[in-house]
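The structure appears below as structure tokens.
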Amino acid sequence: VTGSTQAPVGASVCRSGSTTSWHCGTVQQHNTSVTYPEGTITGVTRTSVCAEPGDSGGSYISGSQAQGVTSGGSGNCSSGGTTYFQPVNPLLQNYGLTLRTTTDPGDPDDPGEPGGTWAAGTVYQPGDTVTYGGAGYRCLQGHQAQPGWEPPNAPALWQRV
């Protein structure tokens, strides 16, 4: 990602989850609330993106902009549903965090150094290990690799080992 500008209502958003991988939809409402059995959460954003149990905690993006973290929702990825996310900017502010960004996602045609095992288009599962640019990385969440998501550029997906 290159920043964390909030996407407007109606904008396309995509989220990554460990159960269902990547799914997309639109922003429906900002600064709303959702009630779970454990209680009510306020300040969340409602979307038309589907999710299933286990997807909570995954990232939301809109284009190259970080949006937030999956909180939960209703429905599933067969019939569709509604999902809520905690917006990233208040999280960064409240916890004194800095969003790590990239302005150079790298050349999508550059597979790294010879012998690198990471490859765009490959589906990786948590715990999978690859090499890229001469370094080893462990997959943190399941995903299908995309150009620009090379391990050094995607700390949410890869941990250097």
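The values are calculated or read from the model by the stated rules, or taken from the named source; none is laboratory data. Here the structure is a predicted model, which is why all the values come from computation and not from measurement. Using ideal geometry, Cβ is built from the backbone for each residue, glycine included, and neighbour counts are taken over all protein chains shown. In case anyone asks, the SASA skips ligands and DNA or RNA and just uses the protein heavy atoms, side chains included. Shrake-Rupley method; radii C 1.70, N 1.55, O 1.52, S 1.80 Å.
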Return yes when V27 is part of a strand (DSSP E or B), open to solvent by less than 30 Å² (accessible area, probe 1.4 Å) and of a type in the set (A, V, I, L, M) and no when it is not. yes
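Here's the yes/no breakdown for (1) closer than 15 Å to G17 by Cα; (2) outside any strand (DSSP E or B); (3) in contact with a strand residue (DSSP E or B) (Cβ under 6 Å, 6 or more places away or on another chain); (4) modelled with pLDDT under 90:
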| position | (1), (2), (3), (4) |
| --- | --- |
| A120 | no, yes, no, yes |
| P126 | yes, yes, yes, yes |
| T131 | no, no, no, yes |
| Q141 | yes, yes, no, yes |
| P147 | no, yes, no, yes |
| A156 | yes, yes, yes, yes |
If we scan region 4-24, do we find a residue that is in a loop (DSSP other than H, G, I, E, B), modelled with pLDDT under 90 and surrounded by fewer than 18 Cβ atoms within 10 Å (Cβ to Cβ)? no
Out of the residues in region 30-39 that are surrounded by 13 or more Cβ atoms within 10 Å (Cβ to Cβ) and modelled with pLDDT of 95 or more, which is nearest to A156 (Cα to Cα)? H30
So which residues in region 71-86 are open to solvent by less than 20 Å² (accessible area, probe 1.4 Å) and farther than 14 Å from T26 by Cα, if there are any at all? G72
Selection over region 40-66 where residues are open to solvent by less than 40 Å² (accessible area, probe 1.4 Å) and of a type in the set (S, T, Y) yields a count of 5
So is V49 of a type in the set (V, I, T), under 23 Å from Q125 (Cα atoms) and in a strand (DSSP E or B) or not? no
